1. To the nearest 10 square angstrom, what accessible area does residue B:44 show with a 1.4 Å probe?
2. For residue A:57, which inter-copy label distances result when the label point lies 7 Å beyond Cα on the Cα-to-Cβ vector, reported in nm to one decimal and in ascending order?
3. From the label point of residue A:88, set 7 Å along Cα to the beta carbon, how far off in nm is each other copy's matching point, shortest first?
4. Taking the axis about which chain A rotates onto chain B, which residue of A lies nearest it as judged by Cβ position, and how many whole Å separate them?
5. Can you classify the stretch B:1-94 as rounded, prolate or oblate using the Cα gyration tensor, where a ≥ b ≥ c are the square roots of its eigenvalues, rounded means a/c under 1.5, and otherwise it's prolate if a/b beats b/c and oblate if not?
6. Just to confirm the numbers: residue B:2, label point 7 angstrom along the Cα-Cβ line, distances to the other copies in nm, shortest first?
7. What accessible surface, in Å², does a 1.4 Å probe find on residue B:81, ignoring ligands, DNA and RNA and rounding to the nearest 10?
8. Pop out a list of residues from the stretch A:3-49 that are at least 50 Å² less accessible with all the protein chains around than in their chain alone; 1.4 Å probe, no ligands or nucleic acids counted.
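The values are calculated or read from the model by the stated rules, or taken from the named source; none is laboratory data. Predicted model only: the values in this text are computed from it and were never measured. Virtual Cβ from ideal backbone geometry, glycine too; neighbours counted across all protein chains shown. In case anyone asks, the SASA skips ligands and DNA or RNA and just uses the protein heavy atoms, side chains included. Shrake-Rupley method; radii C 1.70, N 1.55, O 1.52, S 1.80 Å.
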There are 2 protein chains.
Amino acid sequence: MNTIFSALAEPHRLHIVELLRDGPLTVGEIVERLGLSQPQVSKHLRVLSEAGLVDVQPIANRRVYKLRPQSLQAIDTWLGSFRRLWETRFDRLESYLEAIQAKENKPPDRS
Amino acid sequence: MNTIFSALAEPHRLHIVELLRDGPLTVGEIVERLGLSQPQVSKHLRVLSEAGLVDVQPIANRRVYKLRPQSLQAIDTWLGSFRRLWETRFDRLESYLEAIQAKENKPPDRS
DNA sequence: ACGGAATATTCCTGTCAAGGAATATTCAAA
DNA sequence: TTTGAATATTCCTTGACAGGAATATTCCGT
């Protein structure tokens, strides 16, 4: 999960991932759309690949890169444990503050 | 979106976010759960805050940090544009390969 | 086998961010 | 107003990483 996030932390890599959303692409195609140097793109693709975000398929001279849905699904699953935070209104802040107050002032005068 | 990912790219910060999932926490509480130095935690919280991932609420001496659901919701929205990749089986790879073949070999012998 | 296209790898350099230590700030209590 | 607790900030150093240039690799066509 950590690896995935750091892969996506780089702007160009995030861009690549978004490009691949619309279908597989060749290195050369990514190069011309991003306006980066070919070695740069290759290096970024390597990082994305090691993070499990993309898949390679060699076809003749070229290499076709493709998104790996599982990795994005992993993010989705991770997000899942947070989803209740915005799907249900769940403000524990106030009760928490009360707890703090009670714990610190510890005066039994209000009990 | 970029900022959010780089904030989560750091293991300790990811950990902090996961801690806050179960409710707001004080800096000191985070310090004792992570086993990090207090300055480290403060610095990480600063990054998280600037990325919009957390909110601060000063209460007396302490500062209570809280997750900002909107930021996680932003990730969710971003993921949304990819969701069809694993919800529907959408393998354009094969047809893409055919296209490549057709484009490169350009032999009208099959036309 | 050779030449060229597509891609990957290496080496180098500069930049940026994390970690540690020390210090500054803020607030409450006495 | 001094003291101490909780937190933030600064300074410094070190390591990782992106970018560029050059080179290596792989594959196809001839």
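1. Approximately 20 Å² for this residue.
2. Counterpart label points of residue A:57 in the remaining copies fall at 5.1 nm.
3. 3.3
4. Smallest Cβ distance to the axis, with its residue: A:9, 2.
5. Prolate, since a/c reaches 1.5 and a/b exceeds b/c.
6. 2.5
7. 50 Å²
8. Buried-area filter returns A:5, A:9, A:14, A:21, A:24.
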